Structures are given as structure tokens and as C-alpha cells.
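One structure is given here, and the rest of the page talks about it.
The values are calculated or read from the model by the stated rules, or taken from the named source; none is laboratory data. It should be emphasised that the depicted structure is a prediction, and the values quoted were computed from it without experimental measurement. Neighbour counts are summed over all protein chains in view; Cβ atoms, including those assigned to glycine, are modelled from backbone coordinates with ideal geometry. Each accessible area value is taken on the protein alone, full model and side chains, heavy atoms only, with ligands, DNA and RNA left out. Shrake-Rupley method; radii C 1.70, N 1.55, O 1.52, S 1.80 Å.
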Amino acid sequence: MIDITQPIYVLTIAAFVIGLIRMGNPATARSGILWAGIAMAFSIGATLFVPGLSNLVLIFTAILIGAVIGFIAARKVAIVDMPQMVAIYNGMGAGAASSIAAIELIRFGTSSFNLTIALVGAIIGNVSIAGSVIAFLKLQGWIRQKPIIFTLQQAANLIVVAVGVLFGILFLTHHSLLISYRSALIPFFILTIGYGFLMALPIGGADMPVLISLYNAMTGIAVGLEGFAISNYAMVVAGILVGAAGTILTLAMATAMNRSVVAILAGGFGKVQEESRTVSGNLKPISSEDVAVMLAYASTVAIVPGFGMASAQAQFKVRDLSDMLIAKGIKVFFAIHPVAGRMPGHMNVLLAEAGVPYDLLEDRDEANRAFQDVDVSLVIGANDVVNPAARIPGTALYGMPILDVDKSKNVVVLKRGAGKGFAGIENDLFYMDKTKMLYGDAQESISKVIQELKKL
Ligand code: NAP
């Protein structure tokens, strides 16, 4: 039988690359996803024609179960829960890579080189799946988001991973001598998965974006290595693409947070004292009517969205408001922090969904150059990314470059109540003399402001 899989793989690889390029621009991102999705469907289809493939009933059953669960979950998930869904799907990719590794290692019917590759892929995949589960639980709020820290944590982590890897090496070096050495795989898998859980626990608060993108990169690398181990070149290339994109994203997120990726790997950051600071000043509520007046008399308005805009699904109202202000001749721009929200590019996705023109979006550095000339900064459900505490050593946010909203002339913060940001610390901005608090759900608050503006 002719092997048609390889030519189809080449085509799907090209389609993956096209998809990835299109995802690089918000205007073409949707079609990029479609390209990648169709390429994936063809890759899976082509794999069914690999000569000598058996267990077809099992394969189809697995595809059916996975497709039904994935389809229903993707349709039902609220947009605000998307980050945890991305985290868990990422983990599933790593789990799939680890499963392939497990089968290859148990069979040990392949060369020592391939077994070594499979083992390395398994270590990376195991750490990624376990860590992704912790990221999911933290983002879902099912375990506390703050760093979980215990005594001698780093030493314990190191011992767990070292012993796990030793079992792996024991298996690699002795499996051909004694069948019982195969059982070394059990502690190998348990300990490396255990390390994945342990490594993610001390990372919390604002540092999660780096971790999530790191798991993304690790999953890609694990898939690529397993592709190598079983000589599936579509997997190798897809894995390399995901690994490379994930690595670039990790570095971008680390730069955005001013964190070092090496420190994450050592499990050494996120370790911050519980907050003992007290913030002076008081919170000054404002009415929607007064906000409308402030906006109507402003020359320049900065809109600063954060997780609360996603949570309130306020992006459409935000767009209506910005359209109204622009129609009144007011200069408006959106200040976008790279880690605002709960997933990389979260704000860009929501604002694109609402049709906000891209040229109104300013990145952090551009926005920071402009804040001093801004009459009113409208902070819509953002907290950590505008918290000047990031400039104070010892706080959970210390070192993260923020949006310098406190440099603008007036600030209005839209939030529901006394909720803290993701990092769980007080925000000095809210207590400043120039800051007023418009309490309520962001969508409802903006609707009221729009109503009041119409009256002016
Ligand atoms: P944030 O620090 O999580 O703060 C969100 C604010 O929105 C809270 O102050 C909350 O206060 C308010 N809020 C929530 N629901 C609201 C609603 N319906 N209406 C109005 N306000 C609402 O958000 P952020 O400034 O965007 O910062 C993002 C944080 O998440 C950073 O620490 C970042 O590191 C972290 N993170 C980011 C990613 C990523 O990839 N972007 C991933 C994981 C974690 P109330 O409760 O008082 O309303």
C-alpha cells in the first residue's frame, strides 16, 4: 500500500505555518485558527493511513470521546473562563505526549537513542501536564491563587525531580539486562509528575502568565521529542512550532513582568511575604453623572482595561463610550498592559471582538509616554497592572513595569467593591487624591455614564 501520509503531512505543516503567521495579526487571527484547525484535522486523518496501523476501534473511540468533550466544552465555556480552558487544553497536549512516551518506553522495542528522546520528552510532558493542572485550578479559583510555600520547598522539589530522573536513567541503562528494571518507570512517572505539581505551587499572584506560556513551550517541545521517538514528522514540526512560539511568548511575558525564566525553573520566585503594608488616604466614590461631566470636558482620555472588563463583558459598552467621546472631538486611546486579564493578549482579543480600531490601542511603553497629558484615565476593572506598589521593593508585584496611570491628571476607577487584584495586594492608586471610584459592575457603570453623556 502506498504511504500517502508523508505528502499530506508536508501540506499540513505548510498550513500550520500559514495559520501561525495569520494568528500574528488580530485582523487575520480568526482565519489563522481555522487554517491550523483544518491542518490538524488533516494530520489526524492522514495518520489513519499509516501502513500497519492497528487498534482502529480504540483510536476512533478515543477520537469520538475527545471530539465530543472538546466541542461541548468549547461551546459552553464563558469567555471569561477561557484562560483556564487554554491552560487545561495545553496540559492535555502534554499528557498526550507523555502517554506516547509511556507506550514507547514500556514497549522498548526501539533504539536506545529513541528511548532516551522519549524519556526526555516524558519528563518535559509530565512537568507540563501537572503544572497546567495547577494553573487551571488557580485560575478557576479552586485552590488559592497566592503562592503556596512550605519550608525547604526548593530542596524538596530538587530531590523529587532528581530521584525521578535517576529512575529514568536506571531504566534506560538497565532495561535490556533485567525485565524488572522496567518497573523503574513507575516511580519515574510518579516523581516527575509530582515535581510538576510542586514546581507550580509556589508561583502565584501576578507571575502566572510567565508560567502558563512556559508550559505552552514545554508541551510543544515534549510533542516534538515524542514525534522524533516514533518517527512522526508532522508531530516533530507541529511540536517545534508550538515550542518555538511558546518560547517567544514566555520570553515576552517574562520581559513584560521583569522576571527571569531561570528563576521560575528553579521554583524560586513568587515567594513574597504576606502583605503587611498599610496604604494611607481614603477611597472617594463618584457618581456616573460626575464621571460623564469629567469626560465631556476632557481633551484626552485614556481607557485602561483589565480583568474586570472581561469579567463584566463590558468591551462592547466600552467601544460605544469611546465612539461617543471621539465623536465629541476628544482624543481617546486604549492603554494595553501585556499581562492585563488572564491570558496573553486577553484585552486585544476582547477589544477586537467589540470592533475597537487597532490604531486606538497603545502598548505599555507608548501609553506611559502619553499619560502625563491625559486629562482622565478610565480604569475599567484593571488593578495589578496599574498598581504603583509594583515600584515598592518586597511587594508581590515588585519589579513588574505597570501602566503609569498615576501620572495622568485625573483617574476614575470602575470596580464593584473592595476586591483586590490577582496578586492580592492593596492598590495605592485608588487612595490618591486625583483618583475617584465609580462602584458597580463595569458594564452597568459604563451604560450609566453613556446615558449621562447623552444628556449633556
Ligand atoms: P486584576 O489585578 O485581576 O484586577 C481585576 C479587577 O477587576 C479587580 O480589582 C476587581 O475588583 C475588578 N472587577 C472584577 N470583576 C469586575 C466587574 N464585573 N466589574 C467591575 N470590576 C470588576 O486585573 P489586571 O489589572 O488585568 O491584572 C491581571 C493580573 O492577572 C496580573 O496580576 C497578571 O499577572 C495576572 N495574570 C495574567 C495572565 C495573563 O496572561 N494576562 C494570566 C494569569 C494571571 P472588584 O472585585 O472590587 O470588582
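What is the one condition in (1) open to solvent by 30 Å² or more (accessible area, probe 1.4 Å); (2) away from the ligand (no atom under 15 Å from the Cβ); (3) among the hydroxyl-bearing types (Ser, Thr, Tyr) that Tyr431 does not satisfy?
Single failed check for Tyr431: (2).
For Val10, all conditions in the list (1) of a type in the set (A, V, I, L, M); (2) touching a residue at least 12 places away in the same chain (Cβ under 8 Å); (3) within 19 Å of Val236 (Cα to Cα) hold save one; what is the number of the exception?
Tallying (1) of a type in the set (A, V, I, L, M); (2) touching a residue at least 12 places away in the same chain (Cβ under 8 Å); (3) within 19 Å of Val236 (Cα to Cα), Val10 fails exactly one: (2).
What residue, among those in region 302-313 that are near the ligand (Cβ under 6 Å from one of its atoms) and part of a helix (DSSP H, G or I), is nearest to Asn368 (Cα to Cα)? Full working, then the answer.
We begin by selecting, within region 302-313, every residue near the ligand (Cβ under 6 Å from one of its atoms); these are 306-308, 311-312.
Then drop every residue that is not part of a helix (DSSP H, G or I), which leaves 307-308, 311-312.
Values: Phe307: 20, Gly308: 21, Ser311: 25, Ala312: 26 Å.
Per the criteria, the residue is Phe307.
Hey, any hits in region 362-375 for a residue that's at pLDDT 95 or above and within 9 Å of the ligand (Cβ to nearest atom)?
No, region 362-375 contains no residue that is at pLDDT 95 or above and within 9 Å of the ligand (Cβ to nearest atom).
Across region 283-301, what is the total count of residues that are within 16 Å of the ligand (Cβ to nearest atom) and closer than 24 Å to Lys407 by Cβ?
Of the residues in that region, 5 qualify.
Exactly one of these conditions fails for Ala382: (1) open to solvent by 10 Å² or more (accessible area, probe 1.4 Å); (2) in contact with a strand residue (DSSP E or B) (Cβ under 7 Å, 6 or more places away or on another chain); (3) under 12 Å from Pro305 (Cβ atoms). Give me its number.
For Ala382, the exception is condition (1).
Going by the structure shown, is Ala418 free of Cβ contacts under 8 Å to residues at least 40 places away in the same chain, within 11 Å of the ligand (Cβ to nearest atom) and closer than 26 Å to Lys138 by Cα?
The answer is yes for Ala418.
Would you pick out the residues in region 240-268 that are surrounded by fewer than 19 Cβ atoms within 10 Å (Cβ to Cβ), closer than 16 Å to Leu397 by Cβ and modelled with pLDDT under 80?
Ala263
Please tell me if Phe49 is in contact with a helix residue (DSSP H, G or I) (Cβ under 9 Å, 6 or more places away or on another chain) and farther than 21 Å from Val210 by Cβ. Write out each step before concluding.
Details: in contact with a helix residue (DSSP H, G or I) (Cβ under 9 Å, 6 or more places away or on another chain): yes; farther than 21 Å from Val210 by Cβ: yes.
Answer is yes for this residue.
Can you name the residue in region 393-421 that is at pLDDT below 95 and open to solvent by 60 Å² or more (accessible area, probe 1.4 Å) and, of all such residues, is farthest from Ser299 (Cα to Cα)?
Pro393
Filter region 93-109 for residues that are assigned to a helix (DSSP H, G or I) and either without any contact (Cβ under 8 Å) to a residue 40 or more places away in the chain or touching a Lys or Arg at 6+ places or on another chain (Cβ under 6 Å) (or both) and give the result.
Gly95, Ser99, Ile103, Arg107
For region 314-344, give me each residue that is near the ligand (Cβ under 8 Å from one of its atoms) and either open to solvent by 30 Å² or more (accessible area, probe 1.4 Å) or farther than 20 Å from Ile450 by Cα (or both).
Once the filter is applied, which keeps residues that are near the ligand (Cβ under 8 Å from one of its atoms) and either open to solvent by 30 Å² or more (accessible area, probe 1.4 Å) or farther than 20 Å from Ile450 by Cα (or both), region 314-344 yields His337, Pro338, Val339, Ala340, Gly341, Arg342, Met343, Pro344.
Any chance region 342-354 includes a residue that's polar (S, T, N, Q) and modelled with pLDDT of 95 or more?
Taking every residue of region 342-354 in turn, none turns out to be polar (S, T, N, Q) and modelled with pLDDT of 95 or more.
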